[in-house]
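The block underneath contains the structure these notes are about, expressed in structure tokens.
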Amino acid sequence: MKTGDIVRDDQGRAFQIGQILGRGLWGKTYSVREEHGPEWALKVPLSQDDLPEHASHLAPLCQEILLEQARLLTDNRLPFLLPIDSLITTTDGTPGLLMPRQPLNLERRLSGGYSMDELLDLCQDLAEAVRDLGRLLSGHGNLTPTNVLMTEQGRIMLSDPLTPLAAKHIQDLRAAAGSKARPALAYLPPEVRSGGVATGSAADTYAVGMVLYWGTLASGEVPARIPETPLSGLDKASLVALKDRVHNRLKDEGANPRFHTRLSDRMAAFLNRALSEKTAPSPPYRFLDIAEFHSRLENLRALTNPSVEHVGKILLDRPPGSDSFTTDEDVVFSCTIGCSAGVETHEEIACGLAVFDREKDERIRDLNCAYTVDRHPSGRHRFGFRLSDLAPGSYTIRVAFKIRESSAEPQVAEGRFERRAAPGYVPPRPKPTRQPIPLERPEADPVTQNRTAPGIQMPAPTTPTPENAGTPGSAGIPGSAGPTLSIPPPPVRQPPPRVATPGVDPVTGGSSTPRRVVPVITGHSANADGSARQTDSKAAAMTMPEGSPRRMPDARGNSPKSSSEQYDQPVIENNASWSPEIPVPRSTPGISDDGEDLYPPLTPDDDTDDYYEADSGPIGEAITRFLDLLRGDAYVMFIGGAAVIMILLIILLFALN
């Protein structure tokens, strides 16, 4: 049979042979199309031309296996097996199985990438299908991604299970396939890859574990090769890489971050056992029970996004038929919830409580509430609540539960109860609420009061006259008659007298240089008997030498930092008294009480020639500034000294060499 041939089924329909889709241990599959109809898949046994010369005797065996497969696939108790539409006999008498063609197989789907929850769901479906297949066979025995087909709805369909006749001659069939069977060996247990035989659940659990391992490492692109596991199982390096891969994928896929580490650790432990080389004892070695294997997969799937699956009714701690509590007892009720597998303690469950007053239709705040949690052997959690200090009334309670850090909606339970006053009940006195203190603010902006300078008289209001009555700007309503205020101009203040005192020449000692006269504010001083004594304003004046070439030191004799920033030192020629309004000291630093200059001008004969800027020159001025800098900053002095010592040491080293 070749491409382009026409075959007919038992109903007389004609099909044209298309391209070959794949080859297995005992058969091969072609694409066939009915005229003006859908596309189908036709599986026929291997012929002598398809087998090597030393294995040509296996051709009749392949036909018998095909017929055994046909009897198995017509059993309606196995809906997950790929069904057959009809049995076709070719022109040369070769039987064939006509089946619906599926769009892709699991090998191509794994290369495209699965999310962790989808991958675990897929492995659960595979384990469930193999478990149901055990009702007719010991297992699939030949479970590889190429033998798992995917429907358009995403359901899995198994093909080519090992029938009793195929299991009996499996080694001969694999030897005849040669290198064509090597890709499928990567999903079979180590004993099969070493040339042995493995049937039953031990081979199927290993194959599903390999599907989970490959799907976890897949990155969405077609891998260069199928990940191979050593015959001795996963080593420590492979387990560490697997944990990191699972943790990173869960973080990118938005799974509950509270369970990332737990799921990655349990996934590594699960695959370490599923891909173990040894089969006994179990545990800790390979899974021999497909039901246990399926249960462990369910626990892993639940850890991707744990949730609260069931919330029971709110049970009041009351006798049957009663829903009321008195004020002398606490309100006690409970609620039982069931969570998905993997939720171990109540600390992973978030609980919320809300109490509403049905009469006032408002929520009660600041409740005095306590609760306890008990874990049932079945895995459910019982939450017990206790409320106190509730006033008499009718209430509705709502309790919400969800897994912490989960994006799922909380599950809510609701109940009702009554609270009645006990004999002698006294309502509590309500606490006064804090009210803000009202502050009265003026409507208009406050008027700023300006202080009047001494010597300036404020204008006084004048009496109304016939001339200014009724003029605009008068008091009251504009344009009406009323008193007005006339503001006289302020008096002109005369400056104090200036007294010119001849200056002293710093070189000749004569009075050749005029001085700037600084007026001194005069005032009244008190005599010994307490009466006021008038001082002469002309006798008290400060003079400033103009054009003085020297820089005056301060009261301690220190030289100023810059000649450009230093002002001339004023000289007080008389000990005048100061007015009370301006608190100025009676004497100036550098001036005695008699008016004499405590620091006479320097002469060229003195040893302080460094004060002269004109005679020192640029070198002297630079030295003076450097000395002033050293005096004013200890840090600069320390750095300068250190620099000098280093220069001396360098000179000494050169001299010694």
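Please verify whether region 251-270 includes one or more residues that are farther than 19 Å from ILE403 by Cβ, open to solvent by 60 Å² or more (accessible area, probe 1.4 Å) and not charged (D, E, K, R).
Among the residues of region 251-270, not one is farther than 19 Å from ILE403 by Cβ, open to solvent by 60 Å² or more (accessible area, probe 1.4 Å) and not charged (D, E, K, R), which makes the answer no.
Residues in region 334-348: is at least one modelled with pLDDT of 95 or more and either aromatic (Phe, Trp, Tyr) or surrounded by fewer than 15 Cβ atoms within 10 Å (Cβ to Cβ) (or both)?
Scanning region 334-348, I find no residue that is modelled with pLDDT of 95 or more and either aromatic (Phe, Trp, Tyr) or surrounded by fewer than 15 Cβ atoms within 10 Å (Cβ to Cβ) (or both), so the answer is no.
Residue pairs, Cβ under 7 Å, 6 or more apart or interchain, first in region 154-177 and free of Cβ contacts under 8 Å to residues at least 60 places away in the same chain, second in a loop (DSSP other than H, G, I, E, B) and surrounded by 15 or more Cβ atoms within 10 Å (Cβ to Cβ). List them.
LEU162/HIS140; LEU162/GLY141; LEU162/ASN142; LEU162/THR199; ALA167/GLY141; ALA167/THR199
Pairs only if they're at least six apart or on different chains, beta carbon under 6 angstrom, first in region 40-56 and over 22 Å from PRO161 (Cα atoms), second of a type outside the set (Ser, Thr, Tyr) and surrounded by fewer than 22 Cβ atoms within 10 Å (Cβ to Cβ); list them, first residue then second.
That search, which allows pairs on different chains as well, returns GLN48/ALA59; SER56/GLN48.
Under 6 Å between Cβ atoms, which residue pairs at least 6 apart in sequence (or on different chains) link something in region 108-120 that is under 18 Å from ALA341 (Cβ atoms) and touching a residue at least 60 places away in the same chain (Cβ under 8 Å) with a partner that is open to solvent by 30 Å² or more (accessible area, probe 1.4 Å) and part of a helix (DSSP H, G or I)?
Correct list of pairs: LEU120/ARG301.
Scan region 353-377 for residues that are touching a residue at least 24 places away in the same chain (Cβ under 8 Å), closer than 19 Å to ALA413 by Cβ and open to solvent by 30 Å² or more (accessible area, probe 1.4 Å) and jot them down.
Residues satisfying the conditions are LEU353, PHE356, ARG358, ILE364, VAL373, ARG375, HIS376.
Collect the residues in region 263-281 that are at pLDDT below 90 and touching a helix residue (DSSP H, G or I) at 6+ places or on another chain (Cβ under 8 Å), keeping them in residue-number order.
GLU277, THR279 - these are the residues of region 263-281 that are at pLDDT below 90 and touching a helix residue (DSSP H, G or I) at 6+ places or on another chain (Cβ under 8 Å).
Within region 153-174, count every residue that is open to solvent by 20 Å² or more (accessible area, probe 1.4 Å), within 21 Å of ARG135 (Cβ to Cβ) and over 57 Å from the mean Cα position of the chain (by Cα).
3
Which condition number does ARG135 fail, the rest of (1) farther than 30 Å from ILE6 by Cα; (2) out of contact with any helix residue (DSSP H, G or I) (no Cβ under 9 Å at 6 or more places or on another chain); (3) open to solvent by less than 60 Å² (accessible area, probe 1.4 Å) being met?
(3)
I'd like to check something: does region 87-102 contain any residue that is crowded, with 18+ Cβ neighbours inside 10 Å and without any contact (Cβ under 8 Å) to a residue 24 or more places away in the chain?
The answer is no, given that none of the residues of region 87-102 is crowded, with 18+ Cβ neighbours inside 10 Å and without any contact (Cβ under 8 Å) to a residue 24 or more places away in the chain.
Scan ARG273, ARG258, ARG318, ARG286 and give me the residue that is in contact with a Pro (Cβ under 9 Å, 6 or more places away or on another chain) and part of a loop (DSSP other than H, G, I, E, B). Before you say what the answer is, go through the steps one by one.
Values: ARG273 fails: part of a loop (DSSP other than H, G, I, E, B); ARG258 fails: part of a loop (DSSP other than H, G, I, E, B); ARG318 fails: in contact with a Pro (Cβ under 9 Å, 6 or more places away or on another chain).
Just a single option satisfies the conditions, and that option is ARG286.
Looking at LEU143, is it in a helix (DSSP H, G or I) and at pLDDT 85 or above?
No, not satisfied.
The values are calculated or read from the model by the stated rules, or taken from the named source; none is laboratory data. What you see is a predicted model, and the numbers here were worked out from it, not measured in a lab. Using ideal geometry, Cβ is built from the backbone for each residue, glycine included, and neighbour counts are taken over all protein chains shown. Surface accessibility is based on the protein's heavy atoms, side chains included, excluding ligands, DNA and RNA. Shrake-Rupley method; radii C 1.70, N 1.55, O 1.52, S 1.80 Å.
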